[in-house]
């Protein structure tokens with residue numbers, strides 16, 4: 001039994017491909033819902049294009065981080081599973097943690113083929129269940145969120161609802177930032193500060209150029225990671 005052959009077998013590629021197809025369909029449905037909602041709110045076509053372009057550019061930084069994790073996962077899970085995980089992943093660190101945690105659950109003798117097979121099986125199942133929560137939760141919350149927002153806009157002043165939603169975003173990202181910095185080594189804080197300063201400078205420097213502003217987040221992520229790597 002060649003565990004490497006199993007990890008990269010045609011069956012694994014097909015199974016991973018089915019999951020990727022589901023993700024593509026889900027993304028298309030989200031885009032359709034977003035476009036429909038944007039049209040209902042009277043957002044211009046130009047504004048919608050700007051939002052899409054900004055989202056694509058902003059995804060460059062996180063994608064680079066996931067690419068590094070992809071290489072790491074390929075060593076333990078093989079090409080198909082790693083490819084699937086990096087497309088349906090909710091958190092790259094979670095996937096790596098799960099792949100390490102399941103090693104303690106394997107009952108076979110370490111170093112044997114049975115050990116390798118159990119390790120792969122446990123990791124794939126555990127990661128699949130974990131990711132299912134992200135995908136199902138996101139679909140449910142987005143669907144419910146649209147109905148809740150519509151109800152709030154009908155019963156209250158839409159301007160206040162817009163401010164409320166903006167406050168929720170600020171709170172969410174503040175929580176994520178603090179969670180990554182508080183109690184961690186100095187490079188984490190340095191990355192956050194460097195990224196924040198870079199974003200501030202770019203927003204000021206390109207205040208009249210929206211196209212260049214859209215590059216701000218991706219550039220800030222790269223600068224923050226680079227500065228943290230230099231001082232660590």
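The values are calculated or read from the model by the stated rules, or taken from the named source; none is laboratory data. The shown structure was predicted, so the numbers you read here are calculated from the model rather than taken from an experiment. A quick note on method: Cβ atoms are made from the backbone with ideal geometry, for glycine too, and the neighbour counts reach across all protein chains shown.
Would you point out the residue of region 38-62, among those that are loosely packed, with under 14 Cβ neighbours inside 10 Å and within 17 Å of the chain's Cα centre (by Cα), that is modelled with the highest pLDDT?
52
Counting only residues that are assigned to a helix (DSSP H, G or I) and at pLDDT 80 or above, how many does region 70-81 have?
The number of residues fulfilling the criteria is 3.
I'm told residue 19 meets every condition in (1) more than 29 Å from residue 191 (Cβ to Cβ); (2) without any contact (Cβ under 8 Å) to a residue 24 or more places away in the chain except one. Can you identify the failing condition by its number?
(2)
Take region 25-37 and flag every residue that is at pLDDT 85 or above and either farther than 30 Å from residue 122 by Cα or surrounded by 11 or more Cβ atoms within 10 Å (Cβ to Cβ) (or both).
From region 25-37, those at pLDDT 85 or above are 25, 28-29, 31-32, 35-36; that's our starting set.
If the condition is that a residue be at pLDDT 85 or above and either farther than 30 Å from residue 122 by Cα or surrounded by 11 or more Cβ atoms within 10 Å (Cβ to Cβ) (or both), then 28, 29, 31, 32, 35, 36 are the ones that fit.
So which residues in region 18-33 are touching a helix residue (DSSP H, G or I) at 6+ places or on another chain (Cβ under 8 Å) and under 30 Å from residue 114 (Cα atoms)?
Passing the criteria: 19, 20.
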